[in-house]
Structures are given as structure tokens and as C-alpha cells.
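Quick notes on the structure that follows.
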Amino acid sequence: MATGHRITVEPGTQHVRVVHRGQVVAESRRPLVLRETGCPDRYYLPPDDVRTELLAASDTRTHCPFKGTASYWSLAGAEDAVWAYGDPRPEVAAIRNHLCFYETEVL
């Protein structure tokens, strides 16, 4: 990892919920919390805690040198609102296939 850049992933105890257009899209009491230098904390949720039937796969892919290549999904009216790493770098392997949302509520 680059000097001064750090990423940690740990099990969270937070109650995390994602609401889009008044509809609960995800709710979890077992998020993974990813903390990365220079970025806000992100909550990666197990797929079983996400209403994946509300997600539409996107062609968007991004690459992070620290985490790997992310795939994206959209919600109605919110393009590329969700992402996941199917094959993350070994240092963050715990987030494999967990879903992360730009907009989350921590209760």
C-alpha cells in the first residue's frame, strides 16, 4: 500500500439501513466497516440483507489500486448507486460480494 494510505475492514455493530424513494432497500445489523485514508467510512452489507431484486446491473466498472475492480448496480432513478468487489485484493478479502451504497443511514 502507498505510504500513508491505510485500509481496515472490521465487523460492525451498527444498524445500517438504506432507504430509496421511501422503500427499504437494505437493512443490516452485521455490516463490515471499511475505513480508508481520505474517504468516508463505508458499510459493506451481506447480500442476504439487501433486496437485490430492486437492483439493476450496470455496465460500469471502476478500479481501485487498493481494493480491486468494482461492479455497479442501479436503483430506480439512481444510476450506479451500489457497488461490490467480486474479487477484491487479499488485504480487503472480507468485503468480497458485500454490497455498498452511497446513501446509508446508521441507526
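The values are calculated or read from the model by the stated rules, or taken from the named source; none is laboratory data. Because the structure is predicted, anything quoted here is derived from the model rather than measured. Virtual Cβ from ideal backbone geometry, glycine too; neighbours counted across all protein chains shown. Protein only, heavy atoms only, side chains kept; ligands, DNA and RNA dropped before computing areas. Shrake-Rupley method; radii C 1.70, N 1.55, O 1.52, S 1.80 Å.
Just a few scattered comments:
- Only one entry in 12, 38, 22 is under 12 Å from residue 106 (Cβ atoms) and free of Cβ contacts under 8 Å to residues at least 40 places away in the same chain, namely 12.
- Selection of the range 14-44 for residues being over 24 Å from residue 89 (Cα atoms) and assigned to a loop (DSSP other than H, G, I, E, B) yields 14, 15, 21, 22, 29.
- Residue within the range 68-77 that is part of a strand (DSSP E or B) and among the β-branched types (Val, Ile, Thr) present: yes
- Scanning the range 53-85 for residues that are aliphatic (A, V, I, L, M) and free of Cβ contacts under 8 Å to residues at least 60 places away in the same chain returns 54, 55, 56, 57, 70, 75, 76, 78, 82, 84.
- Filtered by the rule that a residue be touching a strand residue (DSSP E or B) at 6+ places or on another chain (Cβ under 6 Å) and of a type in the set (Val, Ile, Thr), the range 51-72 gives 60, 62, 69.
- Test: residue in the range 45-53 that is crowded, with 16+ Cβ neighbours inside 10 Å and assigned to a strand (DSSP E or B): yes
- Tallying residues that are assigned to a loop (DSSP other than H, G, I, E, B), over 11 Å from residue 18 (Cβ atoms) and under 10 Å from the mean Cα position of the chain (by Cα) within the range 92-107 yields 2.
- Members of the range 71-107 found to be buried (at least 16 other Cβ atoms within 10 Å of the Cβ) and within 20 Å of residue 12 (Cα to Cα), listed by number: 82, 83, 84, 85, 88, 92, 95, 98, 99, 100, 101, 104
- Being open to solvent by 80 Å² or more (accessible area, probe 1.4 Å), out of contact with any Lys or Arg (no Cβ under 6 Å at 6 or more places or on another chain), of a type in the set (Lys, Arg) and at pLDDT 95 or above is a property that does not hold for residue 17.
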